[in-house]
Protein chains: 2
Amino acid sequence: MQHILILGGDGYLGWPTAMYFSRRGYNVTVVDNYFRRNACTELDVGMLYPVPTLQERAKIWHEKTGHEIKVVIGDLTDPEIMRSLFNGRVKYQWAVDHAFTGIPDTVMHYAEQPSAPYSLINYKYANITISNNLLVTNNLMFALRDYNRDAHVVHIGTMGEYGTPNIDIEEGWLEIEHKGRKDRFLFPRQASSLYHTTKIMDTDLMWFAVRMWNLKITDLMQGPVYGIETGESEVDDRLKTIFNYDEIFGTVVNRFITQAIVGYPLTVYGQGGQTRGYLNIKDTLQCVEKSVETPARPGELRIFNQIMETFSVMELAELTRKVGRKLGYEVQIKSIENPRKEAEEHYYNPAYHGLLDIGVIPHYLTEEVMQGMFRVVEEYKDNIRNDVIFKGIKW
Amino acid sequence: MQHILILGGDGYLGWPTAMYFSRRGYNVTVVDNYFRRNACTELDVGMLYPVPTLQERAKIWHEKTGHEIKVVIGDLTDPEIMRSLFNGRVKYQWAVDHAFTGIPDTVMHYAEQPSAPYSLINYKYANITISNNLLVTNNLMFALRDYNRDAHVVHIGTMGEYGTPNIDIEEGWLEIEHKGRKDRFLFPRQASSLYHTTKIMDTDLMWFAVRMWNLKITDLMQGPVYGIETGESEVDDRLKTIFNYDEIFGTVVNRFITQAIVGYPLTVYGQGGQTRGYLNIKDTLQCVEKSVETPARPGELRIFNQIMETFSVMELAELTRKVGRKLGYEVQIKSIENPRKEAEEHYYNPAYHGLLDIGVIPHYLTEEVMQGMFRVVEEYKDNIRNDVIFKGIKW
């Protein structure tokens, strides 16, 4: 039975990934230090509904399905915690089989501070973002170098690494011809937040490790994810993933739906011309599954652009308004001064066929899909706090 | 009087830079936490001769020249220490005028862990390298953002950021044409050590800060530096800069000369085909001076390639043997298995005219120059420990 280790297993994507693989017969271990939950408490940004601890969720999952998701609570910036996952010294906070010390075949690396605004609140949060993201990645690289070079790493990168270049965005790599000579390089990257810059650095760290130690890594350059429910969350309502609707941790579609429901005008920065690629949380699960099933080769840093379609922010706001109005909500769109420094209008033409080529079948953000999200968020309408939606963190 | 702040002012380049600007009428403050000295002690890699503390050196400099170099001892990964240099809360360990709180016009940023082998001793040293180099750079960016966006930063990068691409290396930037469209990007970079990778990340951090906050930064992509004496070290023998001759902190020319003198065969990795660009420590001083005199513009990340000529490692070994033999030394060259993972033969054609264009007049590594270095190192022959020269740190 393949053993999958999920770093950052408590997060918006981590927990659904854990259930997804567990249900499909994989042996799953999740690791988290509750960074995201603690940050939400510290910054007082409420979640849409309370979520049980990781240990509780693993227990519920086991009771309902008979599947075991082992839980390690620990800070992966501590190299000894990271190494314990590969050298047989692991300690579980929850497990059925506490004696299990199997070395992972696959490592899903989600263990990062994931928010651009968080990284720019001030210098302290900037440093936390840098330290957390780079030390976790580096600790993983050295643990693999020292204990398990055969494991396949699937890392969640971000489309934000590329920024908005004036040339077509390829999937990770670009052949460059210059003065009559050629070479192949990582696609040029320049991000518009400090968080996104740490993801560029992650890629550089992983590319170094791949070249030096023949590691096998897949880096998934993901766009903003929307959605709540996955096949597995239907097993029990308490298994739904973390859902933020604030400016710091909430992604844009999730936020807009929440704002529409409470009558908070949709906050569009400037004219809303910024175009990005998006995907449904169900497709994140498909993408990582297909990546795990067809791993990178030794010495390969394989990069896929993990988006299913592109929208401008204004298009998303208009879709939210349209769906909201059909459901009886009076949805306003409000253009506010962009607190970020980014181009109002820009060229954006990313390639994203690699994941389709290995078998992913996209979900699209239709009116029906968005309506389904409205229905779930509505159930928790009374929990929504208007004061946490927008604070205007400036770049 | 222009105020220059030198971060990493105790180092091989930092201290000579401090004296250089002090003698030329600049108001100079140096900051260091003795990271390099402490690392040399911890790893037991001796220096060629003992060097007084930074406070002692500043006192000697003041006694001999009447010039004041203010000294702050502190760890710049602590953001409060960094910010104190810009917000009037600075505390000097040594100064004539302790009340001075002038905001720097120029910041020389040398405060980095500078060794590739150090960064790959093991995972702990890898993490120290990442944390030190990136947090210092980030703390500097945020201090400038918050207190002084007009300061000009001169950062020492490394030619190692580029690696050995199969295309000509330009000075920092490359216009790329792709599918009929064009954009200008940072030159593609992929380094062959973890240390060098942190310097790529530094450039990314600085480029982010320049775009977001209109900072003015010059990044000097420097090759390995050789030499001991500068115009200012002649003032007093105790003012000579730190000189390492070991594999971890010693640069290749300095090491080879030391090895030649004690009859330790010159350690050439593989066939010694790796070609790099080199410069004399006197030219580092010229380069930073010219960069300071003609600062980058607001919103400009200006990049120069700071090398004066290129050599293969075997060419350097042969030059050392030739000069050594003239001086009566029996110099052997020994090819050893390369402990690093790097190409034995590779294309290497870097541009390096930007610094010449702003007035730098190169010194070259002639037989006479090398003979002068032999004469200085000979004086300390009895201090040289053969056991620290080569330990074979593997990548």
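Scanning region B:100-126 for residues that are under 17 Å from B:N244 (Cβ atoms) and among the β-branched types (V, I, T) yields a single hit, B:I121. Of the residues making up region A:182-201, those that are touching a Phe, Trp or Tyr at 6+ places or on another chain (Cβ under 7 Å), facing another protein chain (nearest Cβ under 7 Å) and open to solvent by 10 Å² or more (accessible area, probe 1.4 Å) number 3.
Each row is one residue, and each column tells you yes or no for (1) β-branched (V, I, T); (2) within 30 Å of A:I81 (Cβ to Cβ).
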position: B:A99; (1), (2): no, no
position: B:S119; (1), (2): no, yes
position: B:K124; (1), (2): no, yes
position: B:T137; (1), (2): yes, yes
position: B:Y147; (1), (2): no, no
position: B:H155; (1), (2): no, no
position: B:N166; (1), (2): no, no
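Filtering region B:5-34 down to residues that are touching a strand residue (DSSP E or B) at 6+ places or on another chain (Cβ under 6 Å) and part of a strand (DSSP E or B), which residue is surrounded by the fewest Cβ atoms within 10 Å (Cβ to Cβ)? It comes out as B:N27. Of all residues in region B:318-331, exactly one satisfies the criterion of being in contact with a helix residue (DSSP H, G or I) (Cβ under 6 Å, 6 or more places away or on another chain) and either at pLDDT below 95 or within 26 Å of B:N349 (Cβ to Cβ) (or both), namely B:T320.
Of the candidates A:M141, A:M108, A:M159, the single residue that is under 28 Å from A:R36 (Cα atoms), open to solvent by less than 30 Å² (accessible area, probe 1.4 Å), facing chain B (nearest Cβ under 10 Å) and at pLDDT 95 or above is A:M141.
From the list B:V331, B:V323, B:V377, exactly one residue is outside any helix (DSSP H, G or I), open to solvent by less than 30 Å² (accessible area, probe 1.4 Å) and over 30 Å from B:P188 (Cα atoms). Which is it? Reasoning before the result, please.
Values: B:V323 fails: outside any helix (DSSP H, G or I); B:V377 fails: outside any helix (DSSP H, G or I).
Exactly one residue qualifies, and that residue is B:V331.
Residue-level analysis places B:L215 among those that are buried (at least 21 other Cβ atoms within 10 Å of the Cβ), more than 20 Å from the chain's Cα centre (by Cα) and more than 8 Å from chain A (Cβ to nearest Cβ).
As a summary of the residue check, B:G227 satisfies the conditions (1) on the phi > 0 side of the Ramachandran plot; (2) away from chain A (no Cβ under 14 Å); (3) free of Cβ contacts under 8 Å to residues at least 60 places away in the same chain except for the one numbered (3). The single condition among (1) part of a loop (DSSP other than H, G, I, E, B); (2) farther than 21 Å from A:L174 by Cβ that A:E315 does not satisfy is (1). Quickly run through region A:170-181 and pick out the residues that are crowded, with 17+ Cβ neighbours inside 10 Å, at the interface with chain B (Cβ under 7 Å from one of its Cβ atoms) and on the phi > 0 side of the Ramachandran plot. Selection gives nothing.
B:I167 meets each of the listed conditions (1) closer than 18 Å to A:R189 by Cα; (2) part of a loop (DSSP other than H, G, I, E, B); (3) within 10 Å of chain A (Cβ to nearest Cβ) apart from (1).
Within region B:222-233, how many residues turn out to be in contact with a Lys or Arg (Cβ under 9 Å, 6 or more places away or on another chain) and farther than 20 Å from B:I169 by Cα? Please lay out each step first, then the result.
At the first step, the residues of region B:222-233 found to be in contact with a Lys or Arg (Cβ under 9 Å, 6 or more places away or on another chain) are B:223-224, B:227-233.
Adding the requirement that they be farther than 20 Å from B:I169 by Cα leaves B:227-233.
Of the residues in region B:222-233, 7 are in contact with a Lys or Arg (Cβ under 9 Å, 6 or more places away or on another chain) and farther than 20 Å from B:I169 by Cα.
Per-residue answers, yes or no, for (1) aliphatic (A, V, I, L, M); (2) more than 24 Å from A:R36 (Cα to Cα); (3) touching a Lys or Arg at 6+ places or on another chain (Cβ under 7 Å); (4) crowded, with 21+ Cβ neighbours inside 10 Å:
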site	(1), (2), (3), (4)
A:L220	yes, no, no, yes
A:T267	no, no, yes, yes
A:L279	yes, no, no, yes
A:S291	no, yes, no, yes
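Going residue by residue through region B:57-71, is there one that turns out to be open to solvent by less than 10 Å² (accessible area, probe 1.4 Å), part of a loop (DSSP other than H, G, I, E, B), in contact with a Phe, Trp or Tyr (Cβ under 7 Å, 6 or more places away or on another chain) and modelled with pLDDT of 95 or more? No. Among the residues of region A:250-277, those identified as under 20 Å from the mean Cα position of the chain (by Cα) and under 18 Å from A:F374 (Cα atoms) are A:G250, A:T251, A:V252, A:V253, A:N254, A:R255, A:F256, A:I257, A:T258.
The values are calculated or read from the model by the stated rules, or taken from the named source; none is laboratory data. Just so you know, these numbers come straight off a predicted model, no measurement behind them. Glycine gets a Cβ as well: all are built from the backbone with ideal geometry, and neighbour counts include every protein chain shown. For the accessible areas, the whole protein counts, side chains as well, though only heavy atoms, and no ligand, DNA or RNA atoms are used. Shrake-Rupley method; radii C 1.70, N 1.55, O 1.52, S 1.80 Å.
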